[in-house]
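The values are calculated or read from the model by the stated rules, or taken from the named source; none is laboratory data. These numbers come from a predicted model, not from an experiment. Because the Cβ atoms are built from the backbone with ideal geometry, glycine has one as well, and the counts that use them run over all protein chains shown.
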Amino acid sequence: MANRLKMVQKEILFSLFTQNWSDRKIHNSIGLHRKTISRYRKEWLKLQKEKESSSIKKKTLSFAGNSSSNPIQSVPLNENKVPTEGVVHFEVPTDPQLPGKRTLSKSKAAVYHDEINLKLQNGQHGVSIYQDLVCEAQYNGSYDSIKRYIRKLKNKTPDLYARIETPPGDEAQVDFGEGAPLLGFKLLLWFCWF
């Protein structure tokens, strides 16, 4: 049979259920598996339904019976007789406060922005930029951080192409390409006329 939670954990879950926390939110704050949370939520809902049905029965009985006799007597507890040893105090997690602005972590490569940008404009690739930074600037980050940073820079500066409009028949376009070797021949040069 599956493992069961301790009573303290169960009470924490039940209090979070009454606050209408989702299973995912409870999982992120406490660390319990979502299937476990779901199982206890079903148990909690079952208990809530039983409490509702029993309270309805009590109300109907109190209206039918003598209203002057009160079977439940409320007695205040004496503070000196309350046991304090062995009582576990716990804190129910509250909603995390979401700040107005999310602070994003800076990349280690952001410090070398000018060098990376200059090398990109000179036509260097990411691997050679990384190697240069390690050798010249004692960069101690990973290649992947350089690669991600270069990707961000390239997304900010898209390639621009000039479209040349000419009347039909005035100009032609020729594309040259190299194909794979066929039957032992050297690379073939393909001429494609459009």
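Results, tabulated for the structure shown:
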read-out: Residue check, THR18 touching a residue at least 12 places away in the same chain (Cβ under 8 Å) and β-branched (Val, Ile, Thr); value: no
read-out: Search result, residues across region 1-26 that are farther than 22 Å from GLN48 by Cα and buried (at least 16 other Cβ atoms within 10 Å of the Cβ); value: none
read-out: Those residues of region 134-164 which are polar (S, T, N, Q) and exposed (fewer than 14 other Cβ atoms within 10 Å of the Cβ), in sequence order; value: GLN138, ASN140, SER142, ASN155, THR157
read-out: Residue satisfying condition, being modelled with pLDDT of 65 or more and among the β-branched types (Val, Ile, Thr), within set ILE12, ILE72; value: ILE12
read-out: Tally of residues being in a helix (DSSP H, G or I) and of a type in the set (Lys, Arg) across region 1-30; value: 3
read-out: Checking LYS106 against (1) assigned to a loop (DSSP other than H, G, I, E, B); (2) modelled with pLDDT of 60 or more; (3) touching a strand residue (DSSP E or B) at 6+ places or on another chain (Cβ under 8 Å), the condition it does not meet; value: (3)
